[in-house]
Ligand code: ZN
């Protein structure tokens, strides 16, 4: 890939994604796949005035060996070092960027039950820090190609050719063209326009219908807001883009209000495995039935991970004509696949989707209907013929999506 284009991408991630502030600390989390690009990102952070940039490398084959050989007890440990890292991040308002290049099949052979139990055991110790950090600092998830991932996405290609093609797809969907920063200004303005319109209707519910069998209604939160594109940090009010790419306009629905069946339109990559051709049935907001042609057990485990895992945390709207969908590529990666199509997420909701959320405690947000869970897993339900209708409090019906795309 051309050096110049990669530099533009690195600049986009640091300026628009993180919007690194003078004197701020930054953590870069990445694999070993693109060390030169990682160095470009580090340099851009310093050029913007970062005081310290720490790269946290990981290597999936080693993560996999740890998952296989370590006991449940050692996997569940919340070490003093980890706790100190959390404390430092809280004190320093550390910004974090993930450069994801993971092999979608990289965790094959790992015992899901053991990993779920370890996460569960560790969660109570991590949670206070995670809650305290929520919306306080800028974060961004973006991607770079890894060899295994690229070869999975383009099975007809090998090695450098597959990597080059995946770079091309990543840069295209991230709008890295002549002037990516300007392109993101325009894109953020467009997403904001959809949010404003949706918020002006104050819909009580959204109804979904598609020929594939989706027949579903979800209740929205009376205090809920649709968000999309850039966000602001709490307190410091720094504008940043948590996902690059991002095409979605989303909200956290009202916990306990979802009825009917949704049929997934793309496979779900979860814990390194693919759940395929599945549907989920809701009653009183809760998952009451799941069917999957492949990895049904994993899906069942996912929705029973904890009490909140069977309730919705997110409802996201994305036009079928999104750049990601138009590539026709299945990326086997949530960042891309979730931005290809309308989706729902099971598990943890977003407190910042409540109007005036900064005035509520974490517990109050929960009481107001934002779901809480240790998981947040997106799955795709957008289709070419999807219709979504907004229903207002007084029963007025407003078409929101027709033939899979925005009509408001
Ligand atoms: Zn989403």
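The values are calculated or read from the model by the stated rules, or taken from the named source; none is laboratory data. Computed from a prediction, not measured in an experiment: that's the story for all the values here. Glycine gets a Cβ as well: all are built from the backbone with ideal geometry, and neighbour counts include every protein chain shown.
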So for segment 288-304 (the condition being part of a helix (DSSP H, G or I), within 16 Å of the ligand (Cβ to nearest atom) and either touching a residue at least 12 places away in the same chain (Cβ under 8 Å) or out of contact with any helix residue (DSSP H, G or I) (no Cβ under 9 Å at 6 or more places or on another chain) (or both)), does at least one residue qualify? no
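Residue-wise test of (1) in a loop (DSSP other than H, G, I, E, B); (2) under 19 Å from the mean Cα position of the chain (by Cα); (3) farther than 21 Å from residue 349 by Cα; (4) in contact (Cβ under 8 Å) with a residue 12 or more places away in the chain.
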| site | (1), (2), (3), (4) |
| --- | --- |
| 110 | yes, no, yes, yes |
| 124 | no, no, no, no |
| 128 | no, no, no, no |
| 135 | yes, yes, no, yes |
| 156 | yes, no, yes, no |
| 163 | no, no, yes, yes |
Is at least one residue of segment 242-259 within 12 Å of the ligand (Cβ to nearest atom), surrounded by fewer than 22 Cβ atoms within 10 Å (Cβ to Cβ) and assigned to a loop (DSSP other than H, G, I, E, B)? yes
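Within segment 260-271, count every residue that is in contact with a helix residue (DSSP H, G or I) (Cβ under 9 Å, 6 or more places away or on another chain) and away from the ligand (no atom under 16 Å from the Cβ).
Going through segment 260-271 one residue at a time, the tally reaches 2.
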Helices (runs of 4 or more DSSP H) contained in segment 21-96 and holding at least 3 residues in contact with a strand residue (DSSP E or B) (Cβ under 7 Å, 6 or more places away or on another chain) and assigned by TED's automatic domain parsing to the domain that holds residue 151: 35-47
Qualifying position, being crowded, with 18+ Cβ neighbours inside 10 Å, out of contact with any helix residue (DSSP H, G or I) (no Cβ under 8 Å at 6 or more places or on another chain) and assigned to a loop (DSSP other than H, G, I, E, B), among 332, 320: 320
For residue 355: the one exception among (1) within 16 Å of the ligand (Cβ to nearest atom); (2) touching a strand residue (DSSP E or B) at 6+ places or on another chain (Cβ under 9 Å): (1)
Quick check on this structure: which one of 284, 337 is modelled with pLDDT under 95 and either surrounded by fewer than 24 Cβ atoms within 10 Å (Cβ to Cβ) or under 18 Å from residue 382 (Cα atoms) (or both)? 337
Can you name the residue in segment 358-380 that is part of a loop (DSSP other than H, G, I, E, B) and over 26 Å from residue 99 (Cβ atoms) and is also farthest from the ligand (Cβ to nearest atom) among such residues? 361
